[in-house]
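Readers should treat all values here as calculations from the given coordinates under stated rules, not as data from a laboratory. From a predicted model like this one, the values you see are computed outputs, not experimental measurements. Cβ sites come from the backbone with ideal geometry, for glycine too, and all protein chains shown count toward neighbours.
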Amino acid sequence: MTWVRRVPVLDWIRFGLLAAGVVFVLTGLLPAADAEAGLRRIAPLLVFLVAVIVLVELTKTAQVFDVVAARMAIAGRGRYGRLFLLCTAFASLTTIFLNLDTTAVLLTPVMLALAVRSGIAALPLAMTTVWLANTASLLLPVSNLTNLLAAKRVDLAPRDFAARMWAPQVVAIAVTMVALWFLYWRRGARGADAYEPPAPERVRDRVLCGAAAVACLGFVAGVLAGVPVEFAAGGAALALVLVFGVRDASALRPSLVPWRLLVFVTGLFLVVPVLVRFGLDAVMTALIGTDDGLGGALRASAVGAGLSNVINNLPAYTAGEPAVPLGHEDQLLALLIGTNVGPLVTPWASLATLLWFEWCRRFELTVPIGRFAAHGALLAAVALPASVAALVLL
């Protein structure tokens, strides 16, 4: 049974979650009608998830991220202050427009490889990606899977969603930047005065690189124009797949499809409704309350953040959403902020953080868990109430 030992623990959890969901449906613990309604709800989300992952994986293969990262380091001219501003901007924009998992899965290895090539301190770069992957994921529905669910609940188009979330997003990023600088980037924390700028990245296929950049920009433009996210991502991914089919068909492999994420999300939406039916709903209602003012919003965000660090932010949001009364938009968006900005303490608090830890392990970068949790708790304790206050007051 050596193959059993080779299966990663996370895969056992994913398949176990899906198996439990199927059992719940077969035994009637989750009525078939409820299961069907839940799967219909997440179908566009799953289409978006597959399309955007394929898009960004091919974009990475086309070296777009490598080119941007190398030029960013060159533009920093060996000065950490300049590099800090460029890295935080790059990580924030990647998270906002291409999803937080893109930042964790694709930007993290690029940044860590860049650190090795240029002698740049690796931990500041790594912490920039993981923190901003979470805290910069508020502005658009595409920034986070939880945002897609919340946008549908409050019936907000991407522009309207951004109009509600711009203030908390600005605050969350600003607080994160301050924490990053003082905890990781300043001279006493990073341990180096300057770095050696790398040579420009050599692009293997300029046509592929240019096509990938255009496809990403087309996806962003489609989202901002109000095109449903699954169609915007699907169109951009399909266009890039066609270009790769002509230029480099070997890159079009089955592993591009994020089946692990599909299994996890599907299982989650079969299991959480059962937990809600058998008492979690009452617990969450009692914890969140019914106050739609600033106090209620802060309370909802704290519950979302706390539960995210216990069980993961996606199930935390899906468990908390039914407990928020209909029409309480501020309270619901505050819950969303809690599940986006709050998952900074435990390694399993968000899928992006789990994926980030895996990349750090592959690059042999030691991340002290105690320091990670303490600094994450400090950032969450400041960024969370400040972002919620910006939501309600502005």
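Some observations on this one:
- Stretch gain in nm, segment A386-R361, where the contour uses 0.36 nm per residue and the Cα spacing is subtracted: 5.7 nm
- Rounded FRET efficiency, nearest 0.05, which uses the C-beta distance separating L85 from A199 and R0 of 25 Å: 0.70
- Farthest toward positive dipole pole in the stretch 29-393 [+1 Lys/Arg, -1 Asp/Glu at C-beta], among V367, L93, V283: V367
- Axis of helix 9-27 versus longest Cα principal axis of the chain: the two differ by about 20°, to the nearest ten degrees.
- Net charge contributed by nearby residues that have their C-beta within less than 15 Å of A122 (K/R +1, D/E -1): +3
- Two-site label geometry, V178 and D34: point separation in nm, points 7 Å out along Cα→Cβ: 4.4
- Mean separation of Cα contacts under 8 Å (6+ apart) over length of the chain, as relative contact order %: 23
- Degrees between helix 369-393 axis and first principal axis of the chain (Cα, 0 to 90, nearest 10): 70
- Dividing the summed -39500 (n - 2.57) terms of all DSSP H runs of n ≥ 4 by the residue count of the chain sets its mean residue ellipticity at 222 nm at -24000 deg cm²/dmol.
- Cα-based shape type of the stretch 122-218, given that a ≥ b ≥ c are square roots of the gyration tensor eigenvalues and the cut on a/c is 1.5: oblate
- At R0 = 41 Å, FRET efficiency that the Cβ-Cβ distance of T285 and I369 yields, to 0.05: 0.80
- Nearest-ten-degree value, helix 158-180 long axis tilted from longest Cα axis of the chain: 60
- Counting 0.36 nm for each residue step from L26 to V310 and taking away their Cα separation leaves a gain of 99.4 nm.
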